[in-house]
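*Asks:* Handing you this structure, nothing more for now.
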Amino acid sequence: MTEPIDAGVPSLYSRLEPLLAQVTRPIQYVGGEQNSILKPWAAAEARWCLMYPDAYEVGQPNQGLAVLYEVLNQRDWILAERSFAVWPDLARLMRRHGLPQFTLEGHRPVRAFDFIGVSLSTELGYTNLLEALDLAGLPLRAADRSVDDPVVVVGGHVASNPEPMADFIDAAVLGDGEQAVLDLSAWLRQWKAAGRPGGRDGLLERFAASGQVYVPRFYSVSYAPAGPIVAVAPNRPGVPERVRKYVLDDLDDWPHPVRPLVPLAETVHERYSVEIFRGCTRGCRFCQAGMITRPVRERSLDRIGLLVERGLAATGLDEVGLLSLSSADHSEIAALTQELADRYEGSQVSLSLPSTRVDAFNLELAEQLSRNGRRTGLTFAPEGGSERMRRVINKNVSADDLIATVSAAFQAGWRQVKLYFMCGLPTETDDDVLAIADLASRVIEVGRRVSGRRDIGCTLSVGAFVPKPQTPFQWAAQADPQIVDHRLRLLRDAIRSDRRHGRAISLRYHDGRPGLIEGLLARGDRRVGQVVEAVWRDGGVFDGWSEHFSFERWADQAERVLARWGIDLDWFTTRPRDQGEVLPWDHLDVGLDQDWLWQDWQDALDSQVVGDCRWAGCSDCGVCPELATQIEIGPTGRHLIPLTVGSKPPAAVRSDG
Amino acid sequence: MARAQPPQQPPPVQRLLLRYAKRGRLRFASHRDFARAFERALRRAGLPMAYSSGFTPHPRISYANPAATGAESEAEYLELGLAQVTDPAVVRTELDQALPDGFDVLRVVERVAGPLAERLQASLWSVDLSAWPSPARLSAVERFEAAEQVWVSRLTKHGQRDFDARSAMVSWSWREADWQVVLRHQVPLVRPDDLVSALVQIEPSGQTPLPPRLLRLAQGPLLGRTVGDPLAPEDPPCESMTAAGAEYGIMRARSETQPAPLLG
């Protein structure tokens, strides 16, 4: 934050370039992508380095980062650049040659910025964040940073329990990031203009006083001898007891990337993404996103049409993703998909809808989207194998619904369906998991019958369930990986022994152990932060990548570090919590009423379902009154006008052609 | 219920040949990175692309012999099929504007007879050996030339392969510390980094911490000891200076060249 530093922040590119010839996929480090924005340093009053602590190929397509890039760079007094995790081959060279963590736009050192804004989508990015902060030359612990160091602020779903990162971050923001980054920028500008009153703490106190920015250092945590937290309490005046999440009204009023960056390097998603609504009230009890992003707020149909049109023109991409937590639930999804399919019929543009609903309506949408002849697979997510299991997790779909839907799909010409399930859910028995095999057999049976063909296939993808904070399952005992692995073996054997259908069913699963570490980090407290640091010091990075992840390293360090408090890995994961226990994130308020959440957990144990408040009436989750907000859904009744797409104005075409 | 095949796409009405450069930072792009960027640029430019038939139609583009990741090039070529006849000059301007800086479209012409790949018989490479002590680089090149064979090893997508790097060299010259080499395209392809491996093998004292920069100056038919212009309407006579070489004024077969004065 030293000013002026324009001349003092030269590009590091000339020092980086010689190293790039020696690393894999160097293009990810050179920047300069189509639609990237490089602003003059000196003119900016607030400078953001937006960081995603994973590789470029994963981080760049992240929609949250793209939205904040747009929101910040739209302001003429703010500058935002991007930085991603560098792979170990480049990290080694950077350390050897004294080159710090850099941004991609200006190849500026990350440490020169005012803010490092970190998007945390998964707990398995924690070690990468420590690696990036260390490569940046920043003191690892927030308490050791000076007034000239950037403020490290994290957001994203994982920020709903940032406690394992509490010692390393300066601040965390819950909820929607758009207004939050503008508020932080404005407070920084005022603080600079006033001559930096109170130094670094003065700025952080200004943030904390808003009641919407969590500064972990301003809270003290005390522990009982047996391990549980006694209290999390503010340790200085002016700091609120609880921190509230940000929530936006009217998504149409907020910028959405219309000129998103077009990567040169290959990334995991090569499409133009439009967020068609935010939030979800289906109430699936395992789903953290559905609990912490309430209420539902839709973008309008005509606005979505405009974004798609502009986004495709600005990027040259040929795939559009209509994103949300459950896209088929948009109040005008039928009109939207039909009218977009009409608009782009005959062009090479394809539309995709990540869909998880299991009903005939979903199939109609899929048919609209595959009009151009391209048929991607049909995917459904029943999540639980038995009816009882699905009631426990509040995924309200019956086996008959599923069979009716896949039957219609096979009649319409699909040959393959993919089904997602979880293993290790609360109250789960062996029989619940074996029910997955029965369901798959019925799918193949009905497929063969209605299509009259033998080449019907079903892929089962089974993930290990990890209880997440701010959900009804936050009190649940995580299943032991040995139990998960045992049940998956039973499932595999059941499918293999099904001589009529077994060969048509393929089962995909991973071992349950990485889930245990994810569970440790998800529901961890500040003591777990010391495990993260120990693992990183032992060489752990890129934990989301199986070739880098080491369960043994995590287990060893957890055992060593946590022993000093008489607790261990199991204490954080496979131990059930009771209602009276102080959870590490209790002071972080995503709007859910704590009693409602506990009641929802009790309902889960009783196999009681709760309806979606968009159709079944309010269930008193508390979000709307607590955050003074409300559901914003259509229909608007508006329509997309036909559009000429895909061909150039005549100027480019020779008249005698 | 059988899935109906989508309608057949009509064949292209016009085929264009493009020469483009890969410069500066974008030398780190792989060929796949370039191909993705190029197809998106075509769509942004709104050019009337011809597509292949089938469930996933692809724009009709044939790439030939792309330079390796990390090498710069002034002489990359591809062939493009269009669904409407379009002025090549317009295609050049529109595409060049739509592509990121560093991927630069240099020339666009109507296709000349014969497949493009057959016209790309050799390349003129410039290898920057300025980091080598001058006696070492002179001696290494002299000894490389004198050798009958120099076997090098490189990891290819088919695994570790050994091949003779010497056999591909047609001619060479010095331009200050840049070693400029005409390499015949053969199977397995000998790349300029293979030449560097060969030089290091011959003269280990030349080994530098960073690999030398590589730049392809020309690519085309092999005309005696020089590289011709693949976009020329018909094969020019062997002795003429080609457009590709003339642009740089450096095409000299080794036998005609005195060793350049060495710069310390």
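The values are calculated or read from the model by the stated rules, or taken from the named source; none is laboratory data. This is a predicted model, so every value here is computed, not measured. Cβ coordinates were reconstructed from backbone atoms using ideal geometry, including for glycine residues, and neighbour counts include every protein chain displayed.
*Asks:* Can you run down the residue pairs with Cβ atoms below 9 Å, 6 or more apart or on separate chains, where the first is in the range A:332-356 and within 11 Å of residue A:639 (Cβ to Cβ) and the partner is of a type in the set (Ser, Thr, Tyr)?
*Replies:* These pairs meet every condition: A:332/A:300; A:332/A:636.
*Asks:* Step by step: first the residues of the range B:17-30, then only those that are within 11 Å of chain A (Cβ to nearest Cβ) and in contact with a Pro (Cβ under 8 Å, 6 or more places away or on another chain), then the one that is nearest to residue A:25 (Cα to Cα). Which residue is that?
*Replies:* Ranking the qualifying residues of the range B:17-30, first place goes to B:28.
*Asks:* Moving on. Looking at the range B:122-169, which of the residues that are in contact (Cβ under 8 Å) with a residue 60 or more places away in the chain and among the aliphatic types (A, V, I, L, M) is nearest to residue A:24 (Cα to Cα)?
*Replies:* Taking the candidates together, the pick is B:127.
*Asks:* Could you run through the range A:271-283 and say how many residues are without any contact (Cβ under 8 Å) to a residue 60 or more places away in the chain and either of a type in the set (D, E, K, R) or within 14 Å of another protein chain (Cβ to nearest Cβ) (or both)?
*Replies:* Going through the range A:271-283 one residue at a time, the tally reaches 1.
Conditions tested, residue by residue: (1) touching a His at 6+ places or on another chain (Cβ under 8 Å); (2) hydroxyl-bearing (Ser, Thr, Tyr); (3) within 12 Å of another protein chain (Cβ to nearest Cβ); (4) more than 19 Å from residue A:114 (Cβ to Cβ).
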| position | (1), (2), (3), (4) |
| --- | --- |
| A:17 | no, no, yes, yes |
| A:20 | no, no, yes, yes |
| A:26 | no, no, yes, yes |
| A:30 | no, no, yes, yes |
| A:42 | no, no, no, no |
| A:46 | no, no, no, no |
| A:50 | no, no, no, no |
| A:58 | no, no, no, yes |
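*Asks:* Which condition from (1) facing chain A (nearest Cβ under 8 Å); (2) under 19 Å from residue B:215 (Cβ atoms); (3) in contact with a Gly (Cβ under 9 Å, 6 or more places away or on another chain) is the one that residue B:42 breaks?
*Replies:* Unmet condition: (2).
*Asks:* Within the range B:1-16, identify whether any single residue is under 25 Å from residue B:220 (Cα atoms) and either facing chain A (nearest Cβ under 10 Å) or touching a helix residue (DSSP H, G or I) at 6+ places or on another chain (Cβ under 9 Å) (or both), and answer yes or no.
*Replies:* Checked against the condition, which is being under 25 Å from residue B:220 (Cα atoms) and either facing chain A (nearest Cβ under 10 Å) or touching a helix residue (DSSP H, G or I) at 6+ places or on another chain (Cβ under 9 Å) (or both), the range B:1-16 yields at least one hit.
*Asks:* Another question about this same structure. Considering A:503, A:499, A:442, A:489, which residue is in a loop (DSSP other than H, G, I, E, B) and charged (D, E, K, R)?
*Replies:* Details: A:503 fails: in a loop (DSSP other than H, G, I, E, B); A:442 fails: in a loop (DSSP other than H, G, I, E, B); A:489 fails: in a loop (DSSP other than H, G, I, E, B).
Being in a loop (DSSP other than H, G, I, E, B) and charged (D, E, K, R) holds for just one of A:503, A:499, A:442, A:489, which is A:499.
*Asks:* Give the residue, chosen from B:90, B:127, that is within 25 Å of residue B:221 (Cβ to Cβ) and either surrounded by 15 or more Cβ atoms within 10 Å (Cβ to Cβ) or more than 14 Å from chain A (Cβ to nearest Cβ) (or both).
*Replies:* On the way: B:90 fails: within 25 Å of residue B:221 (Cβ to Cβ).
Answer to the check: B:127.
*Asks:* Can you tell me which residue among A:140, A:182 is part of a loop (DSSP other than H, G, I, E, B) and either surrounded by fewer than 23 Cβ atoms within 10 Å (Cβ to Cβ) or assigned by TED's automatic domain parsing to the domain that holds residue A:278 (or both)? Lay out the reasoning, then the answer.
*Replies:* Details: A:182 fails: part of a loop (DSSP other than H, G, I, E, B).
None of the other options fit; the residue is A:140.
*Asks:* Could you say whether any residue in the range A:301-319 is over 28 Å from residue A:589 (Cα atoms), within 12 Å of chain B (Cβ to nearest Cβ) and among the polar types (S, T, N, Q)?
*Replies:* Yes; the residues of the range A:301-319 include at least one that is over 28 Å from residue A:589 (Cα atoms), within 12 Å of chain B (Cβ to nearest Cβ) and among the polar types (S, T, N, Q).
Conditions tested, residue by residue: (1) aromatic (Phe, Trp, Tyr); (2) touching a strand residue (DSSP E or B) at 6+ places or on another chain (Cβ under 9 Å); (3) within 19 Å of residue A:470 (Cβ to Cβ).
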| site | (1), (2), (3) |
| --- | --- |
| A:237 | no, no, no |
| A:265 | no, no, no |
| A:279 | no, yes, yes |
| A:283 | no, no, yes |
| A:298 | no, yes, no |
| A:301 | no, no, no |
| A:305 | no, no, no |
| A:311 | no, yes, no |
| A:325 | no, yes, yes |
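*Asks:* Moving to a separate point now. Taking the range A:95-128 as the search range and keeping residues that are more than 22 Å from the chain's Cα centre (by Cα) and part of a strand (DSSP E or B), which one is nearest to residue A:158 (Cα to Cα)?
*Replies:* Among those that are more than 22 Å from the chain's Cα centre (by Cα) and part of a strand (DSSP E or B), it is A:102.
*Asks:* Return the residue satisfying two criteria in turn: it lies in the range A:374-403 and is at pLDDT below 95 and in a helix (DSSP H, G or I), and of such residues it is surrounded by the fewest Cβ atoms within 10 Å (Cβ to Cβ).
*Replies:* Checked the range A:374-403; the qualifying residue surrounded by the fewest Cβ atoms within 10 Å (Cβ to Cβ) is A:400.
*Asks:* Go through the residues of the range B:229-238 one by one and say whether even a single one is surrounded by fewer than 22 Cβ atoms within 10 Å (Cβ to Cβ), closer than 24 Å to residue B:23 by Cβ, at pLDDT 85 or above and out of contact with any Cys (no Cβ under 8 Å at 6 or more places or on another chain). Walk me through it before giving the result.
*Replies:* Just the residues of the range B:229-238 that are surrounded by fewer than 22 Cβ atoms within 10 Å (Cβ to Cβ), to begin with: B:231-238.
Next, from what is left, pick out any that are closer than 24 Å to residue B:23 by Cβ: B:231-232.
Cutting the leftovers down to at pLDDT 85 or above gives us B:231-232.
Next, only the ones that are out of contact with any Cys (no Cβ under 8 Å at 6 or more places or on another chain) stay: B:231-232.
Checked against the condition, which is being surrounded by fewer than 22 Cβ atoms within 10 Å (Cβ to Cβ), closer than 24 Å to residue B:23 by Cβ, at pLDDT 85 or above and out of contact with any Cys (no Cβ under 8 Å at 6 or more places or on another chain), the range B:229-238 yields at least one hit.
*Asks:* Here is a further query. Considering the range B:122-172 alone, what residues qualify as being assigned to a helix (DSSP H, G or I), among the charged types (D, E, K, R) and under 22 Å from the mean Cα position of the chain (by Cα)? Spell out how you get there, then give the answer.
*Replies:* From the range B:122-172, those assigned to a helix (DSSP H, G or I) are B:134-146, B:166-168; that's our starting set.
Subsequent filtering for residues that are among the charged types (D, E, K, R) retains B:137, B:142-143, B:145, B:166.
The one that is assigned to a helix (DSSP H, G or I), among the charged types (D, E, K, R) and under 22 Å from the mean Cα position of the chain (by Cα): B:166.
*Asks:* Any idea how many residues of the range B:195-219 are surrounded by 22 or more Cβ atoms within 10 Å (Cβ to Cβ), more than 14 Å from the chain's Cα centre (by Cα) and either within 14 Å of chain A (Cβ to nearest Cβ) or under 19 Å from residue B:73 (Cα atoms) (or both)?
*Replies:* Result for the range B:195-219: 3.
*Asks:* Test each condition in (1) closer than 30 Å to residue A:633 by Cα; (2) touching a strand residue (DSSP E or B) at 6+ places or on another chain (Cβ under 9 Å) for residue A:258 and report the one that comes out false.
*Replies:* Status for residue A:258: all satisfied but (2).
*Asks:* When you look at residue A:48, is it over 30 Å from residue B:214 (Cα atoms), among the aromatic types (Phe, Trp, Tyr) and assigned to a strand (DSSP E or B), yes or no? Outline the logic, then answer.
*Replies:* Details: over 30 Å from residue B:214 (Cα atoms): yes; among the aromatic types (Phe, Trp, Tyr): yes; assigned to a strand (DSSP E or B): yes.
For residue A:48, the condition - over 30 Å from residue B:214 (Cα atoms), among the aromatic types (Phe, Trp, Tyr) and assigned to a strand (DSSP E or B) - is met.
*Asks:* So is residue A:461 more than 20 Å from the chain's Cα centre (by Cα), assigned to a strand (DSSP E or B) and hydroxyl-bearing (Ser, Thr, Tyr) or not? Write out each step before concluding.
*Replies:* On the way: more than 20 Å from the chain's Cα centre (by Cα): no; assigned to a strand (DSSP E or B): yes; hydroxyl-bearing (Ser, Thr, Tyr): yes.
No, not satisfied.
*Asks:* Would you please list the contacts, defined by Cβ atoms under 8 Å and residues six or more apart or on different chains, that run from a residue in the range A:11-32 that is in the same structural domain as residue A:83 (by TED's automatic domain parsing) and over 14 Å from residue B:68 (Cβ atoms) to a residue that is crowded, with 17+ Cβ neighbours inside 10 Å and among the acidic types (Asp, Glu)?
*Replies:* Here the result reads A:31/A:105, each pair linking the range A:11-32 to a residue that is crowded, with 17+ Cβ neighbours inside 10 Å and among the acidic types (Asp, Glu).
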